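Notes to accompany the following structure.
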Amino acid sequence: MATDQKIEPAKPKKDLWEKADIILRPFGALITALTIAFVSYAASDYLSKNQEKEARTKLYTELMTKREESESALRKDMFNSIMNNILKDKASATLDEKILQLELLTYNFHESLNLMPLFEYLNRCNNEEKRDPALRQAYKYRLIKMSKATIAKQISTLEAVSSPITLTYEDTLFTYKNKKEYKTDSAFKARIDELYEQNSTALNGTEPFCTYPDSVFNGKTWDSLQQVVRIKILDYDTNDASVQVRLTIQTNYPGKNRAPEMPRQTEFMVNYFEFPMIDNTRLKNDMRLAVVLNSLVSENRFNNSGHLAGKSNRIELKVIYFPGSRSSLKEKPYFDDIVSKLLLKN
């Protein structure tokens with residue numbers, strides 16, 4: 001009987017891809033392990049740096065908070081001490097000391113306090129006291145110099161967002177108002193008043209105006225608008241260095257079928273002791289307009305041949321238009337302005 005032979009199936013030959021899989025599989029596992037290790041290291045390093053950054057930020061915030069608290073406490077004590085010294089009885093503190101205290105108060109708190117009442121109070125004290133006229137003039141000069149320096153500092157800050165406009169008024173007829181005939185002769189008075197209205201360089205001449213472009217959101221798009229500001233000097237006092245101003249503001253909507261708004265008028269006094277960041281007029285869209293007295297002086301007028309032709313009173317005003325965010329800490333925006341700005345950001 002023939003011997004049975006075991007028949008084994010033929011082994012299939014491995015193709016190129018199977019050989020490559022056998023060879024590269026260990027390398028793939030190694031690369032996967034290295035990738036996981038790298039990602040884990042990178043994530044750990046990122047979290048570590050982020051935690052370190054947060055820790056530094058927290059430390060910086062705590063240091064700044066503590067510094068602000070200490071500075072606030074120092075400023076509070078300084079404010080109370082200065083105010084008590086300024087408002088002392090006349091017999092216990094000299095005017096020189098009070099002006100010095102006001103200088104300290106002004107240079108530290110001019111952006112958060114309306115210091116005009118204190119300036120006017122010390123100016124009245126200086127005018128009421130019976131002393132050497134030269135000394136009174138020196139004290140008045142110190143007050144005006146201090147206020148002008150503060151106004152210049154505030155305007156310099158506001159110039160980052162707006163450029164001030166200088167308006168000049170020249171009253172060449174004021175000497176006629178001082179004549180006896182102006183008070184006794186009605187015809188003479190009427191003639192002088194008529195000249196005031198006709199003379200563009202006189203007190204009540206052509207009203208200068210400024211136009212400020214702006215825009216307001218109407219719910220879907222932005223509408224352009226113009227704030228037309230007219231300024232007219234009604235009266236002034238050279239002794240008190242004050243000017244009575246009428247401010248007329250009208251909002252126009254160019255290019256829109258929309259009628260201009262009714263003009264707003266306001267009258268107020270301007271002197272050397274009013275600061276633009278605090279003493280300003282609130283306009284539409286949380287914008288502000290400040291009118292500042294830059295100078296009020298009497299000057300000699302000369303004709304073309306160089307001869308003296310008389311005197312004139314020259315008034316120089318500065319007008320600046322700026323957003324409410326640049327106003328003082330005391331001038332907080334209205335709640336509706338805050339809400340509208342938050343809605344626009346969302």
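Structural remarks
- A straight chain from Asp96 to Asn108 at 0.36 nm per residue would run longer than the Cα-Cα distance by 2.4 nm.
- Note that segment 228-245 has calculated 3J(HN,Hα) couplings of 9, 10, 10, 10, 9, 8, 8, 6, 7, 10, 6, 5, 8, 6, 10, 10, 8, 10 Hz, one per residue in order, obtained from phi through the Karplus relation 6.51 cos²θ - 1.76 cosθ + 1.60 (θ = phi - 60°); glycine and proline are x.
- Segment 289-312 versus segment 31-86: alpha-carbon centroid distance in Å: 57 Å
- Maximal additional length on extending the Ile165-Lys311 stretch stands at 50.0 nm, based on 0.36 nm per residue less the C-alpha distance.
- All Cα-Cα distances of segment 74-158, cut into 10 Å bins from zero to the largest, leave 16, 50, 28, 6, 0 percent in each bin in turn.
Bear in mind that the values in this text are calculations on the coordinates, not laboratory data. Being a predicted model, the structure only gives us computed values, none of them experimental.
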